[in-house]
Amino acid sequence: MIFLKEKTILDVLFRAPLQGEFMKNLILLSVLLISKLHASEAIGFYSSGSLLSAQSVFERGTPVHKLFVARGRLYTTDEMHNLLTETSEFVKNNFPDSEILQVGDLSARLGGLVAGHDSHQNGLDGDIVYLRRNKYVQSPDSTDWDEDFISNSKPTKNFNTERNFALFRYLVKNAPVTRIFVDVAIKKALCQFATANGEIKDPRTVETLRRLRPLDLHRTHFHVRISCPANDHECTPQSEPVSGSGCDDLSIILESAQDLHSC
Ligand SMILES: [Zn+2]
């Protein structure tokens, strides 16, 4: 958890011969050590991992509407907390009349396997409700998702295509997002939306669509996954998705056994 090697510590302490400099460096070192002690750490893989020094969204004051509170999957890495905070701000600033970001399961306090999921084990996965046209906000005490956004193999009228697409573009551009799992009908609709807008070949659109992975059990919410944080040396990364938008092959993709996931 502490990555400062002994040599680095001695370098910092004895770099300057003056006592004043020594004390200054000692204080600097203490601050570094304390900040490291409080940093979260993702361990292992998304579907076989654990989590250290995590805080809950309530301890951090993450500005989201947390669902399924009683389940206790309230914990994230610092990096997922940052993503949720910044995404919530993005929604508020760009769509001031929008409902607040509604967040389902994150991870358990120490990570590990939680019922109903294969992943969500190391604080790098989060479930978020699609943005709605009617801006409905479900109760934090509810025990399951309130709305299925797919009907007759298409997104329902209440699925806000423009806002969800803008949200996905934001996430892929501004956060260390590796994958966003969505229902296949939603990926198809967003491919059609980008084509109709004449932006299907825009590199940023291709990159967004590339990271939208069609997967079962995402009719009610999407699942965002971020990469291993740079300082979490025991975190196991996942291979990158293949290049291209994937719009020409929308069959359900399970790239490997590691990709198996249920929400
Ligand atoms: Zn999930």
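The values are calculated or read from the model by the stated rules, or taken from the named source; none is laboratory data. Everything quoted here is computed from the prediction, not taken from an experiment. Positions of Cβ are backbone-derived with ideal geometry, glycine not excepted, and every protein chain shown enters the neighbour counts.
Results, tabulated for the structure shown:
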item	result
Number of the condition not met by Asp105 [criteria: (1) surrounded by fewer than 20 Cβ atoms within 10 Å (Cβ to Cβ); (2) within 14 Å of the ligand (Cβ to nearest atom); (3) of a type in the set (Asp, Glu)]	(1)
Inter-residue pairs, beta-carbon under 7 Å, first assigned by TED's automatic domain parsing to the domain that holds Thr77 and in segment 42-62, second aromatic (Phe, Trp, Tyr) and in a strand (DSSP E or B), 6+ apart	Leu51/Tyr75; Ala54/Tyr75; Gln55/Tyr75; Ser56/Tyr75
Selection count where residues are touching a Phe, Trp or Tyr at 6+ places or on another chain (Cβ under 8 Å), outside any loop (DSSP other than H, G, I, E, B) and away from the ligand (no atom under 16 Å from the Cβ), scope segment 199-234	1
Residue within segment 136-149 that is out of contact with any Asp or Glu (no Cβ under 6 Å at 6 or more places or on another chain), buried (at least 22 other Cβ atoms within 10 Å of the Cβ) and under 24 Å from Ser245 (Cβ atoms) present	yes
Test result for Gly116, within 14 Å of the ligand (Cβ to nearest atom), outside any helix (DSSP H, G or I) and buried (at least 23 other Cβ atoms within 10 Å of the Cβ)	no
Every residue from segment 201-229 that is among the acidic types (Asp, Glu) and either under 14 Å from Tyr170 (Cα atoms) or at pLDDT 95 or above (or both)	Asp202, Glu207
Flag for Arg109 being at pLDDT below 95 and of a type outside the set (S, T, N, Q)	no
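Matching residues to (1) without any contact (Cβ under 8 Å) to a residue 60 or more places away in the chain; (2) assigned by TED's automatic domain parsing to the domain that holds His233; (3) farther than 16 Å from Asp249 by Cα:
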| site | (1), (2), (3) |
| --- | --- |
| Ser119 | no, yes, yes |
| Asp127 | no, yes, yes |
| Gln138 | no, yes, yes |
| Thr156 | yes, yes, yes |
| Leu171 | no, yes, yes |
| Thr195 | yes, yes, no |
| Arg211 | yes, yes, no |
| His221 | no, yes, yes |
